[in-house]
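Heads up: the structure comes next, in structure tokens.
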Amino acid sequence: MSGEAVAKVRRLERITSAMPQVEIDTRHLFHAGMYARTIHIPAGVCLTGALIKRATLLIFSGRATVFAGGEVIDLIGYHVIPASAHRKQVFLAHEDTDLTMIFPTEAGTVEAAEAEFTDEAELLLSRRQGGNTTGESQCLEQ
């Protein structure tokens, strides 16, 4: 995203930060040298993301208007998206929507993985609201 597009998202963040905040469930999974981070955005919620500094895969399932790459697009259904580095997105969920971001990592903790994908980790809802982490061994037992 261009610096101008990122600045637009930051302006929206300043406006929405004064509004009532909604709890967003964040689930974390480490497996096979990969970190997966899944959030659930309830219908009607507008969510701005942290500035992502590395390329990832983004799995989208739901219906939302998205501001990414300086463009507004409507996504409906299920999509696997190659998501570029240096992005700060906005999602307006029209239906309940799930997003999973995946990237390879050697991080062993959620905090280390978060620091790897953003310099804005302190802004992440998982830091303020907690989250659910599943490790490789737990995943194999299920």
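The values are calculated or read from the model by the stated rules, or taken from the named source; none is laboratory data. Keep in mind that this is a model prediction, so the values were computed, not measured. Because the Cβ atoms are built from the backbone with ideal geometry, glycine has one as well, and the counts that use them run over all protein chains shown.
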Residues of the range 85-104 that turn out to be out of contact with any Gly (no Cβ under 7 Å at 6 or more places or on another chain), outside any strand (DSSP E or B) and free of Cβ contacts under 8 Å to residues at least 60 places away in the same chain, as a count: 2
Can you tell me which residue is modelled with the lowest pLDDT among those in the range 105-142 that are in contact with an Asp or Glu (Cβ under 8 Å, 6 or more places away or on another chain) and part of a loop (DSSP other than H, G, I, E, B)? Gly131
Of residues in the range 50-81 being in a loop (DSSP other than H, G, I, E, B) and aliphatic (A, V, I, L, M), the one surrounded by the most Cβ atoms within 10 Å (Cβ to Cβ): Ala50
Please indicate, with yes or no, whether at least one residue in the range 26-40 is under 21 Å from Val110 (Cα atoms) and aromatic (Phe, Trp, Tyr). yes
Only one of (1) surrounded by 17 or more Cβ atoms within 10 Å (Cβ to Cβ); (2) in contact with a His (Cβ under 7 Å, 6 or more places away or on another chain); (3) modelled with pLDDT of 90 or more fails for Asp98. Which number is that? (1)
Only listed residue being modelled with pLDDT of 90 or more and of a type in the set (Gly, Ala, Ser), chosen from Ala18, Ala7, Ala93: Ala93
Considering only the range 9-49, how many residues are touching a Gly at 6+ places or on another chain (Cβ under 9 Å), in a helix (DSSP H, G or I) and exposed (fewer than 15 other Cβ atoms within 10 Å of the Cβ)? 0
Tell me the residue from Gly49, Gly33, Gly69, Gly62 that is over 22 Å from Ala121 (Cα atoms) and either at pLDDT 90 or above or small (Gly, Ala, Ser) (or both), please. Gly62
